1. Under 6 Å by Cβ, and 6 or more places apart or on different chains, what pairs join a residue from region 300-314 that is over 17 Å from A273 (Cα atoms) with one that is open to solvent by 50 Å² or more (accessible area, probe 1.4 Å) and not acidic (D, E)?
2. Does region 261-270 hold any residues that are part of a loop (DSSP other than H, G, I, E, B) and either free of Cβ contacts under 8 Å to residues at least 40 places away in the same chain or open to solvent by less than 20 Å² (accessible area, probe 1.4 Å) (or both), and which are they?
3. Can you tell me which residue among A228, A197, A273 is closer than 30 Å to M126 by Cβ and open to solvent by less than 40 Å² (accessible area, probe 1.4 Å)?
4. Is it the case that G370 is more than 21 Å from S267 (Cα to Cα), open to solvent by less than 30 Å² (accessible area, probe 1.4 Å) and at pLDDT below 85?
5. Of everything in region 240-255 that's buried (at least 16 other Cβ atoms within 10 Å of the Cβ) and closer than 30 Å to L88 by Cβ, which residue is modelled with the highest pLDDT?
6. When you scan region 453-467, how many residues do you find that are in a strand (DSSP E or B) and open to solvent by 40 Å² or more (accessible area, probe 1.4 Å)?
7. How many residues does region 452-470 hold that are touching a strand residue (DSSP E or B) at 6+ places or on another chain (Cβ under 9 Å) and over 20 Å from E394 (Cβ atoms)?
Amino acid sequence: MTSGATALAEKEKRNAALSSVLAAVLLTGLKLVVGLLTGSLGILAEAAHSGLDLVAAMVTFFAVRISGKPPDEQHMYGHGKVENLSALVETLLLLITCVWIIYEAIQRLFFKSVEVEANLWAFGVMAISILVDISRSRMLYRTARKHKSQALEADALHFATDIWSSAVVIGGLILVWLSQRLGPDWAWLAKADAVAALAVACIVVYVSLQLGKRTVAALLDAAPPGLAERVTSEAIQVPGVQGVGPVRLREAGPSTFVDLTVNVDRSASLEEAHQIATAVDNRISKLVYSGDVVVHVDPVRQVQESLAQTVSAIAAQLGLRTHNVHAHEVRGRYFVDLHVEVPAGLTLSQAHDRVSHLELAVQDELPQVGDVHSHIEPTAGTAAPLTALDSGEEDVLRAQIVAVAKEVSGLRGCDSFHIRSGPDGYDVAFHCLADPDLSVAEAHRLADEMEKQLRARIPDISQVLVHVEPEAEI
């Protein structure tokens, strides 16, 4: 999410929590006054329930404000757990309320008698409560789903249960009213108010335990159900990913943090591996509302890995580079020739030890290889200083190159000459034309032949680069 979208989301969550506090104040006051005036335990139970809802709403309001703070040095994953903690506090408060309601209901059912007045005020306040709770729960649910807020969801869940519990209380008051109208034979209906209170308590206990279970799971970093499978399914679809290793998930309020390992061809370059990891990150980020995705890349060997790729991967593990890798088969045995680049500052003895280690590692991983022959050369450093030739000397060399090209069957002329004088001789680069339908292997053979003949004809050449291109493109 962008910073602007995050700020807007936090504002919407704060406004929803504040409206919940104001509604809870209104309902708690109404229920308390009417409950005291009528003596209805059901209404008083609802007043206590709403009072706890008010405390919970205030806890939610402050939790939402704190959870919106950005990560800092002490809270590197942000403050989202405050929302989970506030939901746990709400659960505990509700359970405490239920203990009192159940105790008082049992007292009224079996040990003491309390006169309940089922009048218009009693029915009116419960009807108002239902209407307010419907409006408030819908608003909170909508905001909670939009911004994945467990604290707001807990508030919404409370007020949704208030609708049913208020309906139960109204039912109890109706039965009390009937007992007062039908005569002494129906006096037992007066106990309906206490029974209604017990029903309210049972509803709240059930909902509280469900909420508490989810809240504790979030605080203990339980993975969201099914998310790990979806993360694996999305990651494996990214081109270049050969497999998916361990996936770790944790939630902190609305944020989800994902750590996963993907297997990538070990012959891939660092840039290629980084691009694959970035593609996985982008894809997985679409599964989570907010948070962070960390992708670890593990190199793996491919079944169809070429010899050059295998040798290059082994060398990379030892901090070396290889090129010009060739394999030869003689009487069923394989022999590998390669060039190894080592740091220029090493002594011959040091370089030889490292290259010998590489040769043994290649033979360990490739048992079919009999011998490994290495050419040691220094790793390319900074660009060597070159000097431009005078026009006469350059014309002579250019003419020699053109003459050699005419002798190589398959080449159709040369151009784009770049000839400079370096500390070890001439540095030559040029383009040669060839049939566009040639295979790459044949084009490479022509370039090698051109280089060999040039070195034989012009001994002072140090570096040669022959670029073969299709004649039609010129």
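The values are calculated or read from the model by the stated rules, or taken from the named source; none is laboratory data. The model shown is predicted, which means the values in this text are computed figures rather than measured ones. So basically every Cβ, Gly included, is an ideal-geometry build from the backbone, and we count neighbours across all protein chains shown. Just the protein is used for accessible areas: all its heavy atoms, side chains included, with ligands, DNA and RNA removed. Shrake-Rupley method; radii C 1.70, N 1.55, O 1.52, S 1.80 Å.
1. Pairs that qualify, where the first residue is over 17 Å from A273 (Cα atoms) and the partner is open to solvent by 50 Å² or more (accessible area, probe 1.4 Å) and not acidic (D, E), are L307/A327.
2. A268, S269
3. None of the other options fit; the residue is A197.
4. yes
5. Within region 240-255, the match that is modelled with the highest pLDDT is V247.
6. Selection size over region 453-467: 3.
7. 3
Here's the yes/no breakdown for (1) in contact with an Asp or Glu (Cβ under 7 Å, 6 or more places away or on another chain); (2) at pLDDT below 70; (3) part of a helix (DSSP H, G or I):
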{"site": "A63", "(1), (2), (3)": "yes, no, yes"}
{"site": "L88", "(1), (2), (3)": "no, no, yes"}
{"site": "K112", "(1), (2), (3)": "no, yes, no"}
{"site": "I134", "(1), (2), (3)": "no, no, yes"}
{"site": "E153", "(1), (2), (3)": "no, yes, yes"}
